[in-house]
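A.B. asks: One structure is given below, represented as structure tokens, and several questions about it will come after.
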Amino acid sequence: MEKRVIRDPIHGYIHISEQLIWDLINTREFQRLRRIRQLGSTPVVFPSGTHTRQLHSLGAYEVARRMLEEVDDLKSALTEREKLCVLAAALLHDLGHAPFSHSFEAIMNCRHEDYTIRIILGPSEINDVLNNVDDRFAAEVASVIDHTHPNTILSQMISSQLDADRLDYLLRDSYCTGTAYGKVDLDRILRTMRVRDNTLAVKQSSIYTVESYIMSRYHMYWQVYFHPNSRSFDSILKSLFLRLKDLYREDKTVVEQYPMYKALLEKKWLSNEEFFMLDDDTCSYSFNLMRHSKDPVLRDLAVRIMDRHLFEYTSSENEEALTEACLRKGYDPRYYVVKDHQRQIPYLPYLGNDSDSIWLAMDNGELKELSEVSTVVGSLMDINEQDERVFYPREILK
Ligand code: NI
């Protein structure tokens, strides 16, 4: 086919020259990602961070495509079929994201990877398009995403500690939120990427570039992804769905008011068709309906979400006192005192799986794991930062 390009603020152009990739982009499941925001609740803190999963998916594809084009070792390490397979996997790796990104995983009690695999394996338009290659291809793409493909380089390219997914989201999330923490020297990483012993590595001379990437990731997590105000929003979201489920347990007819959540309330696993219907727009509409609910708790939580009346937060030591304050003021602590715990380890060393580490291709031909060579990364490994907070409405302390 004639080469197509899509404009993008991070990569300049996203280049598409395979008919398969173009057809995948034009499926309804991929287009759904236009209705899922990449950062869920982050825009309550960084209002410009409203970019979509679709844009990130195209970006991850573009980074994988550049790896294949610019890294000579990869050109020879992969067959043509494997190249097409890894491009498809990069494009499709986030298909299974529910609304509001990761916060919905707790509500649905599942991981987005599971739905990604289900959508790839069908029934879905994605599966139909993949079957145009042949009837084994969809399973091969899925195996790259769940790390079972026999050529482990493919999984390393799209999901390891230095991969197309992370390289795109750090650059994109930092650009779109207007923060300066996520800057990564993508050009240099690609220029110095090598394959040694069937392992993706970067040349020893790029050690400072990789150190800077680890620091960027570390700062993005604490400054953006785990920002307490966006966790406050997520706490309200969790309480709202907890309330909805409690109401449903008492009275099944509640689904008639919120038919978009029928499958979510009734069963553990949604069909691909049911999952397809859940997106950020559906949720916003449901919250607008809930503003008029007869139930005061559901109504209040929906207003808080829509109008950004966030919960306050404090250290988790105060949980008991807050629970008492809640009861005194007539608020049910089940929905109004929410504990949240986050933890981020800046860098994990080798744990028995090649894709768990970042490898340096040393000048003498050896492969060395990053923390063995970098004193900066070595010292970061002692950091195991945890943060536990309780979220509550400020009215209970008045
Ligand atoms: Ni991703």
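The values are calculated or read from the model by the stated rules, or taken from the named source; none is laboratory data. If you're wondering where the values come from, they're calculated on a predicted model, not measured in any experiment. Positions of Cβ are backbone-derived with ideal geometry, glycine not excepted, and every protein chain shown enters the neighbour counts. In case anyone asks, the SASA skips ligands and DNA or RNA and just uses the protein heavy atoms, side chains included. Shrake-Rupley method; radii C 1.70, N 1.55, O 1.52, S 1.80 Å.
A.B. asks: Angle between the Cα long axis of helix 319-328 and the longest principal axis of the chain, 0 to 90 degrees, nearest 10?
C.D. replies: In the chain, helix 319-328 runs at an angle near 30 degrees to the longest axis.
A.B. asks: Work out the count of Lys pairs in region 245-398 where the Cα-Cα distance is under 21 Å, with the pair 8 or more places apart or on different chains.
C.D. replies: The number of close lysine pairs in region 245-398 is 14.
A.B. asks: Given a cut-off of under 8 Å on Cα pairs at least six residues apart, what relative contact order in percent is computed for the chain?
C.D. replies: 16
A.B. asks: Can you tell which of Ser293, Ser230, Val255 lies farthest toward the positive end of the dipole of region 216-294, using +1 and -1 charges on the Cβ of basic and acidic side chains (Lys, Arg; Asp, Glu)?
C.D. replies: Sorting the options by dipole projection puts first Ser230.
A.B. asks: Let me ask something else about it. Run the 1.4 Å probe and let me know the accessible area of Cys176, rounded to the nearest 10 Å².
C.D. replies: Only protein atoms counted, so the area is about 20 Å².
A.B. asks: Checking the a/c ratio against 1.5 first, then a/b against b/c, what shape does the Cα gyration tensor give for region 110-154?
C.D. replies: Details: a/c = 3.01, a/b = 1.11, b/c = 2.72.
Oblate is the answer for region 110-154, as a/c is 1.5 or above yet b/c matches or exceeds a/b.
A.B. asks: Post the alpha-carbon centroid distance, region 171-194 to region 271-291, in whole angstrom.
C.D. replies: When both Cα centres are located, 33 Å separates them.
A.B. asks: Which whole-number percent gives the relative contact order of region 147-269, counting Cα pairs below 8 Å spaced six or more residues apart?
C.D. replies: 17
A.B. asks: Here's a follow-up. Could you tell me how many cubic angstrom of Cα convex hull volume the chain has per residue?
C.D. replies: Roughly 145 Å³ of hull volume per residue.
A.B. asks: Return a whole-number percent for the relative contact order of region 242-308, with Cα pairs under 8 Å and 6 or more residues apart as the contact set.
C.D. replies: That works out to 25 percent.
A.B. asks: Can you show me the helix-derived [θ] at 222 nm for the chain, built from DSSP H runs with n ≥ 4 at -39,500 (n - 2.57) apiece and divided by the number of residues, rounded to the nearest 500.
C.D. replies: After summing the helix terms and dividing by residue count, I get -14500 deg cm²/dmol.
A.B. asks: For region 1-152, what is Rg from Cα atoms divided by 2.2 N^0.38 Å, rounded to two decimals?
C.D. replies: The value comes to 1.05.
A.B. asks: Further question on the same structure: Run down the aspartates and glutamates and flag those whose C-alpha is under 18 Å from the C-alpha of Lys183, throwing out any fewer than 8 positions away in its chain.
C.D. replies: Asp8, Glu62, Asp163, Asp165, Asp168, Asp173, Glu211
A.B. asks: Loop by DSSP (not H, G, I, E, B), at most 14 other beta-carbon atoms within 10 Å: where is the longest site-free stretch of the chain for GluC sites (Glu not before Pro)?
C.D. replies: 3-365
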